[in-house]
Amino acid sequence: MGNNVPFIDLITPHAALEEEIVSSFRKALRSARFIGGPAVENFERQFAHFCSTEYCVGVGNGTDALRFALIAAGVKTGEIVITVPNTFIATTEAISQAGALIDFVDIDEKSYTMNPEKLREYLETKCTMDNRTGRAVGLKTKAPIGAVIPVHLYGQMADMDPIIALAEKYNLVVIEDACQAHGAEYFSQKEQCWRKAGSMGMAAAFSFYPGKNLGACGEAGAVTTNDDGIARKVQMLRDHGQMRKYVHAIEGYNGRLDAIQAGILSIKLRHLMQWNDSRRRNAQLYDKVLAEVDGVILPHQHKWSKAVYHLYVIRVKNRDEVQQFLLQSDIATGLHYPIPLHLQSVYADLGYTEGNFPVAEKVSREIISLPMYPELTEKQQRYVAQKITECLTSIASRTGYKNGKG
Ligand SMILES: *Cc1c(COP(=O)(O)O)cnc(C)c1O
């Protein structure tokens, strides 16, 4: 008893901010500004500043943000949008909902994000160049490749320089899925400076789902961009295609950020840097106490990456057994994600099978996400490490015995 380690703690951070949050809610209640208004505009300004972008447009959730960003950036019906198979399905749902076609390239085995070499290979070997449009066209589908969505998974940015270079060469729109990467940074060799997640693509999508590094007390999301045309288009898309009330040049959606969530997000944003620092510190401690454990592959942070550890994901053989053992020891874990998207039945029509994206497939069988949040204590982390050690030691002695090596 007393050793219970939850996967995430959404109670403690809100308890500390309760008075502030309640008074911001009271302000919304008493002014009846529930949709739009100064609370939304203030948060948008603050989050754009945080991401070092010109614009931020608050929307209903991260999936809205992805869908609106794709449409606003000009991705058209029937075009192909390339992403990775190991992401949350929202990434590909947004592609379909924007009217585009989904395709995948494999990931890098160290960072678990898009492998730029695989993107290059796709564009060079699975496409031909349409000299009229300057775009690549799928050999089999005859569909133009319109965009690429690198996913900054687990809080670490994808290798953006080579992805952007390819996008420039092939005239592709880059939309960052930054839903797990609020505050993550990437050192751009090309620009010789650190760049924030959300500031490198044509536009980027953020989710403020409660469990994200910056989470609302409900649903929320945002699009960031430096392009005023995209920002304006997203403002229309989120609000039924209107800039002025009842004047519609396009059809849009109901995908607005509400004032109550915006007020709460402004309060929480002031703590995000410090929370990300705590996550990094916790990751360092995990790195240290798990380094000695045989059979654990630790998260890898490239020199060009400052990760914000939305998740702390290790790899082990016998993953399911380890997860079960930890559960029995009162340690909650997660799998992000157990089935790569190309093997999901919903995407059977894409025609992919086991073996098509070997790295994503291999990784999906071995990953396990350990408890990770700013409030995690050293004692809890040492307990997690101790239980992983116990489990792996017992597996090693058993399998060693079976193999006649023990
Ligand atoms: C959370 C998440 C989303 C979707 O965000 P919602 O706010 O739940 O719609 C999209 N992509 C990734 C990688 C995510 O983690």
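Rule-based calculations on the coordinates, nothing more; no lab input. Computed from a prediction, not measured in an experiment: that's the story for all the values here. When we count neighbours, we look across all protein chains shown, and the Cβ atoms used for this are built from the backbone with ideal geometry, even at glycine.
Here are some notes:
- Two-site FRET efficiency, Ser96 against Lys379, from Cβ-Cβ distance with R₀ of 41 Å, rounded to 0.05: 0.35
- Cleavage-rule hits (chymotrypsin sites (Phe, Trp or Tyr not before Pro)) in region 243-279: DSSP loop, at most 15 neighbouring Cβ within 10 angstrom: Tyr246
- In region 182-238, trypsin sites (Lys or Arg not before Pro) in a DSSP loop with at most 12 other beta-carbon atoms within 10 Å: Lys190
- Summed side-chain charge close to Gln301 - residues other than Gln301 whose Cβ falls under 12 Å, Lys, Arg +1, Asp, Glu -1: +2
- Set of lysines near Lys27 by C-alpha distance (under 20 Å), chain-local residues within fewer than 8 positions excluded: Lys268
- Straight-distance candidates among the lysines for linking to Lys317, with alpha-carbon spacing under 25 Å and chain neighbours fewer than 8 residues away dropped: Lys110, Lys288, Lys362, Lys387, Lys402, Lys405.
- Spherically averaged projected area in nm², based on the convex hull that wraps the Cα atoms of region 82-184: 6.3 nm²
- Mean shadow area of the chain over all directions, Cα convex hull, nm²: 22.1 nm²
- Loop GluC sites (Glu not before Pro), region 261-362, which have at most 16 other Cβ atoms in a 10 Å radius of their Cβ (DSSP): Glu292, Glu354
- With both residues required to sit in region 58-196, DSSP beta bridges show an antiparallel share near 50%.
- Nonlocal Lys pairs with alpha-carbon distance under 25 Å, region 161-267 (8 or more apart, or different chains): 5
- Ellipticity at 222 nm from helices only: DSSP H runs of n ≥ 4 in the chain, each -39500 (n - 2.57), divided by the residue count, give -12500 deg cm²/dmol.
- Region 326-402 and region 1-70: distance between their alpha carbon centers, rounded to Å: 30 Å
- Stokes-Einstein diffusion of region 22-155 at 4 °C, 1.567 mPa s viscosity, Kirkwood radius from Cα pairs, rounded to a whole number: 75 µm²/s.
- For His310, His302, order by how many other beta-carbon atoms lie within 10 Å, fewest first: His302, His310
- log10 of Debye I(q)/I(0), alpha-carbon scatterers only, for region 324-370 at 0.13, 0.26, 0.33 Å⁻¹: -0.39, -0.91, -1.18
- Less than 5 angstrom separates the built amide H of Ile107 from those of Asn115, Val359, Ala360, all sequence-distant by 5 or more or on a different chain.
- Percent antiparallel among DSSP beta bridges (both partners in region 12-269, rounded to 5): 65 percent
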